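Report on one structure; see the data block that follows.
Bear in mind these aren't lab numbers, they're just calculated from the coordinates by the rules spelled out. Please read these numbers as outputs of a predicted model, since none were measured by experiment. Positions of Cβ are generated from backbone atoms using ideal geometry, with glycine treated the same way; all protein chains shown enter the neighbour counts.
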Amino acid sequence: MLLTNHAKERIAKRLAKRKKIDRIYSALFSFLKNSIRIEVEGTILFTDGSKTLVATRLNGEYLDLKDIIGRVKDIEENYECVFWDRRIVKITKPGKFLQDVSPGKYYFYINKEKKTLYIGTQEPLLALTFRPAKRWERALFYFT
């Protein structure tokens, strides 16, 4: 899961209490562990009964690690790199970041404008916002 700037600010304010990227993602991982997933018309909601993360799907490709390395080998700028399976988030060069990833097939998404890269066995998502849960989300969480 990648985060918009708005979602980063909301998570930092409501969960992490600090704006460091590793703290924000750590708080996100903890939140997701204790939440349920709800899909509503292409939008994905993660709620714990009091707060809700709103996300949408990204068009990621399912590629072999060698193909992914081939696509990012010419990038010399620092990117926000997320390896979802091991919950690793770093701001580094994509080629260097992929050295820590074991061989296999992964979903891959890169946004060169925003300088973000996602790799993982789950489909990539973009978190749009983090807000208080609505009444129906609270009721659904407590009855599941």
Revision key, fill the gap. When (1) surrounded by 15 or more Cβ atoms within 10 Å (Cβ to Cβ); (2) assigned to a helix (DSSP H, G or I); (3) not β-branched (Val, Ile, Thr) are applied to Leu117, the one that fails is (2)
**Study point:** Filter pass, Thr92 being loosely packed, with under 13 Cβ neighbours inside 10 Å, out of contact with any helix residue (DSSP H, G or I) (no Cβ under 8 Å at 6 or more places or on another chain), closer than 25 Å to Asn5 by Cβ and of a type in the set (Ser, Thr, Tyr)
**Key:** no
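Are any residues in segment 47-63 under 12 Å from the mean Cα position of the chain (by Cα) and not charged (D, E, K, R), and if so, which ones? Spell out how you get there, then give the answer.
Kept after step one, since they are under 12 Å from the mean Cα position of the chain (by Cα), are these residues of segment 47-63: 53-58.
The answer is Leu53, Val54, Ala55, Thr56, Leu58.
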Study note, to complete from the structure: Flagged in segment 31-55 as in a strand (DSSP E or B) and surrounded by 13 or more Cβ atoms within 10 Å (Cβ to Cβ), in numbering order, are Ile36, Ile38, Ile44, Leu45, Phe46, Thr47, Lys51, Thr52, Leu53, Val54, Ala55
Practice item. Give segment 56-77 a look and list any residue that's part of a loop (DSSP other than H, G, I, E, B), in contact with a helix residue (DSSP H, G or I) (Cβ under 9 Å, 6 or more places away or on another chain) and either closer than 28 Å to Lys13 by Cα or of a type in the set (A, V, I, L, M, F, W, C) (or both), or say none. Key: Ile75
